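Data block below; observations after.
The values are calculated or read from the model by the stated rules, or taken from the named source; none is laboratory data. On a predicted model such as this, the values are computed, not experimentally measured, just so you know. Cβ coordinates were reconstructed from backbone atoms using ideal geometry, including for glycine residues, and neighbour counts include every protein chain displayed.
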Amino acid sequence: MPTAQGPQTTGVELDVPPVVPPESGGLLATFLDVTYDLGWLLAALVGSPWLLWKSLTAPGFANMLAARFGRGLGAVPRATRPRLLVHGVSVGEVKAARSVVTELEARYPEFEVVISTMTETGVEVARSTYPGRSVVRFPADLSFIVRRFLRRVDPVFVVLVELEVWPNFLRLCNREGRTVAVVNGRITPRSHARYVLFRRVVPQFRRISLLCVQSDEYAERFRQLDVPGERILVTGNVKVDGLRTGGVDAGDELGRLLGPAAGQEVLVAGSTHEPEEVLLAAAWRAVVPGARLILVPRHPGRAGATQQALSARGMAPQRLSELRAGREEPDPTRPALVDTIGELEGIYGLADVVFVGGSLIPHGGQNMLEPAAQGKACIFGPHVRNFTHEAGLLLEAGAARQVADETELAQALRELLGDLEQRERMGTAAMRAVSAQRGATRLTVDALAALELDRLAERDLLGHSGARR
């Protein structure tokens, strides 16, 4: 399979054209398509009591649900120039696409880049990350909803970040001649096993023209799903190119509200999941109670429940929104609870030590390269299946500590917060490890250009309606 190794590579050559849709899928394919749609409708009907309850109790859920079923799509302006659709399912993927979007816009100013995502937090982060661009909600995978979405957004080329294989979306893109490529592709062992089980029934991957993947390991997993080797290209992790190396200034406001007292060290727990906030706070209280503790849940909507859980254990936190409103004065001796979106990068700038969440519980981890790029000593738990390559990179470089449980977590906190020299060694190693991985964005966009973007850019597409060839 083709491989593009390292930032010294100057270009990518591909010998494969975009996928051409089959003339007919036959009766079996038609039956499966109809059955798939009916399954969606049946699931919505059976699950309607839960959907109603969730809409009434979960902030933003009703809006997300309605938008995925097409509400607000009519407000999307009609295309006045060819569009590229870049889709990331949620916050991590939306942020990961930043360097790719920047490079696409620099190379192809004649195209309009539209961002799509699914979640409420994804939409919020997309709007703040990509000001001035159209941000749309990715549709529920019912054929009539997807068809309307594609007609309205009208992309000539679709870029899926990491992996999003919705059968109707891919089928209709394929049928209408809208080329689809995956960038920063990755597939976990659990997802791979599911796709292996169903690949004969729902052949999504044959409809993707190119998969630019992060590593040889991921490339092999896609090959096992019957993806032709010539359509797989190892280009590296574009998330690295979107990270700023070196400390990030948190800014005056965050520094005033969340910063430490004189001589106080700062422990930031980023992208945490229930019950990690309680576990971190307990370890903090047991071994480093003099440090400034800042908790940043992955989902800010959990802040109320997290506040109650901590208060019940005698560790009442201060919420960032309350501090901003002036309802409390900052108290560095109490935990700080961040209940806002899009501020983690600046908050990492305050840290001496960072715990990366989603890893003490079987969630699969969160991106530990973000604090590593800032030169922070990082700690994470045993559950990092979604970031095995990133975790391995930092561990091999001596830039991170992996702990097995809360006991080892407490020990690691005591050691690192009490040893400035060790923290500095780890931070320097982390920045070097991240910097050595740069270059994936250019290779990825080179591949998209060779696949079809250069050809599309040469055509006079102004006023062109749709990508159908």
Original post:
Got a sec? Which helices (runs of 4 or more DSSP H) wholly within segment 320-394 have at least 3 residues that are outside the structural domain of ARG292 (by TED's automatic domain parsing) and under 17 Å from the mean Cα position of the chain (by Cα)?
Top reply: none
Original post:
In segment 395-406, what count of residues is obtained for those that are within 18 Å of THR428 (Cα to Cα) and in a loop (DSSP other than H, G, I, E, B)?
Top reply: 3
Original post:
When residues of segment 302-319 are filtered for being hydrophobic (A, V, I, L, M, F, W, C) and part of a loop (DSSP other than H, G, I, E, B), how many remain?
Top reply: 2
Subject >> Candidate set from segment 296-333 (those that are among the basic types (Lys, Arg) and touching a residue at least 40 places away in the same chain (Cβ under 8 Å)); member that is farthest from VAL94 (Cα to Cα) >> reply: ARG324
Subject >> Only listed residue being farther than 19 Å from ASN386 by Cα and modelled with pLDDT under 90, chosen from VAL248, VAL196 >> reply: VAL248
Original post:
When the residues of segment 288-314 are filtered to those that are closer than 13 Å to PHE355 by Cβ and modelled with pLDDT of 95 or more, which remaining residue is farthest from the chain's Cα centre (by Cα)?
Top reply: VAL288
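Matching residues to (1) crowded, with 21+ Cβ neighbours inside 10 Å; (2) within 25 Å of ALA433 (Cβ to Cβ):
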| position | (1), (2) |
| --- | --- |
| GLN224 | no, no |
| ARG231 | yes, no |
| VAL240 | yes, yes |
| THR245 | no, yes |
| ASP252 | no, no |
| GLY255 | no, no |
| THR272 | yes, yes |
Subject >> Residues satisfying the stated conditions in segment 123-149, i.e. touching a helix residue (DSSP H, G or I) at 6+ places or on another chain (Cβ under 7 Å), assigned to a helix (DSSP H, G or I) and surrounded by fewer than 21 Cβ atoms within 10 Å (Cβ to Cβ) >> reply: THR129, SER143, ARG147, ARG148
Original post:
Does LEU51 qualify as being assigned by TED's automatic domain parsing to the domain that holds LEU142, more than 21 Å from PRO300 (Cβ to Cβ) and at pLDDT 85 or above?
Top reply: yes
**OP:** Give the residues of segment 356-373 that are of a type outside the set (Gly, Ala, Ser) and closer than 10 Å to ASN386 by Cα, sorted by residue number.
**Re:** HIS363, GLN366, ASN367
**OP:** Kindly indicate whether any position in segment 313-328 is over 24 Å from ALA286 (Cβ atoms) and of a type in the set (S, T, N, Q).
**Re:** yes
Subject >> One residue from VAL183, VAL153 being farther than 20 Å from PRO228 by Cβ and crowded, with 19+ Cβ neighbours inside 10 Å >> reply: VAL153
**OP:** Could you grab me the full set of residues in segment 260-301 that are in a helix (DSSP H, G or I), in contact with a helix residue (DSSP H, G or I) (Cβ under 6 Å, 6 or more places away or on another chain) and not small (Gly, Ala, Ser)?
**Re:** GLU277, VAL278, LEU279, VAL287
